[in-house]
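The values are calculated or read from the model by the stated rules, or taken from the named source; none is laboratory data. In this text the structure is predicted, and so the values were computed from the model without any measurement. For neighbour counting, all protein chains shown are included, and Cβ atoms are generated from backbone atoms with ideal geometry for every residue, glycine included.
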Amino acid sequence: MIFVTVGSQLPFDRLVRPVVDWARSRGRNDLVFQHGGGDVDLSGFQAHAFVGPEDADRLLAAADVVVAHVGMGTVLTCLEFGKPIIVMPRQAALHETRNDHQSDSARELEGRAGIFVAWNEQELVALLERAAELRGGSAISSEASPELIATLNAYIRAPKA
Amino acid sequence: MSARRPRVLAISSRGGHWVQLRRLARAFEGCETVWASTDAALAPRVAPERFFKVPEASRWDRIRLVWMALRVAWLVIRLRPAAVISTGAAPGYIALRVGSLLGARTVWVDSFANAAELSLSGRKALAFADLTLTQWPRLGQRLAAGEAPKRGIAYYAGSVL
């Protein structure tokens, strides 16, 4: 199963459309979409405008591959699950988000085990073609870096001057 | 149940901000942690610790923003936390502001997604937060272990990843 998710803020049809076109051309119906209220015809597929946190985690865990915008919740959860994820950044110029932070994060995340960045629709389809061979990295810990944990713990517990 | 444990309010929007906030949980060891976010479905994830739902609002919707600010302010006044920490966005920013007025220690952890510059909320938090952290070394000054942070400076001390 491939889980396609675009987050709760805005639809992202530029991602959903090529994925559903690809699935139809390949005769696949084992995709689940969380489309955020977009306009793409998803008949024949399991589709939800939004999913709650429990369902989102269940779908992420069940998926062989995840396709998503560069939302940190989805990305971090996939890394925790050791799940391969294809991400395509939203672009401010196309009114898909307010600024280009998704492209900034994508540049930083690109190359990390289990994360596959599609910079446009063509690259997205090319990655979907390879979906069966994409592998997640080893599951990461569910905690922030030890340095950040230690710094915050010491700071919060110290008496305020 | 020691009454001496400092109370920490950990607050963020749902989605990526929340997943990042949860990755900091161990930093609150030794504290009484109270969680708050914009999705009531997250409550079971922090049980038996307490959870409060706050309204969702972005800075583009004035009326909801005022309602959210009032609700968050009331929560902070009621809880009187010793420390308030947030990974973003709007509700966390308001909680930090109110916490700061009430003498709480305030910590802003800018989202991992802001890899090219601090978020707008993060830049505003710099003015009053006791500690502002970026998750990117090039966006902040290194905070050494035990160093007392200064207001108005963005520091780096690790990331949620």
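Couple of notes before you dig in:
- Test result for A:N99, surrounded by fewer than 21 Cβ atoms within 10 Å (Cβ to Cβ), closer than 25 Å to B:W136 by Cα and either in contact with a strand residue (DSSP E or B) (Cβ under 9 Å, 6 or more places away or on another chain) or not aromatic (F, W, Y) (or both): yes
- Residue within region B:129-139 that is surrounded by fewer than 20 Cβ atoms within 10 Å (Cβ to Cβ) and within 18 Å of A:A150 (Cβ to Cβ) present: yes
- Qualifying residue in region B:146-161 (condition: closer than 24 Å to B:A57 by Cβ, outside any helix (DSSP H, G or I), over 12 Å from the mean Cα position of the chain (by Cα) and aromatic (F, W, Y)): no
- Any chance B:A73 is under 16 Å from B:S13 (Cα atoms) and either free of Cβ contacts under 8 Å to residues at least 24 places away in the same chain or buried (at least 21 other Cβ atoms within 10 Å of the Cβ) (or both): no
- Matching option when the condition is touching a residue at least 40 places away in the same chain (Cβ under 8 Å) and either out of contact with any Phe, Trp or Tyr (no Cβ under 7 Å at 6 or more places or on another chain) or closer than 23 Å to A:L76 by Cα (or both), among B:G30, B:G103, B:G15, B:G92: B:G92
- Qualifying residues in region B:109-130 (those that are outside any loop (DSSP other than H, G, I, E, B) and among the aliphatic types (A, V, I, L, M)) - the one farthest from the other protein chains (Cβ to nearest Cβ): B:A125
- Matching option when the condition is within 21 Å of A:R90 (Cα to Cα) and out of contact with any helix residue (DSSP H, G or I) (no Cβ under 6 Å at 6 or more places or on another chain), among A:R26, A:R17: A:R17
- Qualifying residue in region B:66-74 (condition: modelled with pLDDT of 95 or more, within 22 Å of A:Y155 (Cα to Cα) and aromatic (F, W, Y)): no
- Strands (runs of 3 or more DSSP E) wholly inside region B:1-108 that include at least 2 residues being more than 14 Å from chain A (Cβ to nearest Cβ) and farther than 28 Å from A:L10 by Cα: none
- Region B:140-161, residues that are in contact with a helix residue (DSSP H, G or I) (Cβ under 9 Å, 6 or more places away or on another chain) and more than 11 Å from chain A (Cβ to nearest Cβ): B:A154
- Here A:G137 clears all of (1) closer than 26 Å to B:S12 by Cβ; (2) crowded, with 18+ Cβ neighbours inside 10 Å; (3) out of contact with any Ser or Thr (no Cβ under 8 Å at 6 or more places or on another chain) except the condition numbered (2).
- Taking each residue of region A:106-124 that is more than 15 Å from A:H69 (Cβ to Cβ) and looking for partners that are in a helix (DSSP H, G or I) with beta-carbon atoms closer than 9 Å, six or more apart or interchain, yields A:R112/A:L79; A:A113/A:L79; A:G114/A:C78; A:G114/A:L79; A:Q122/A:P18.
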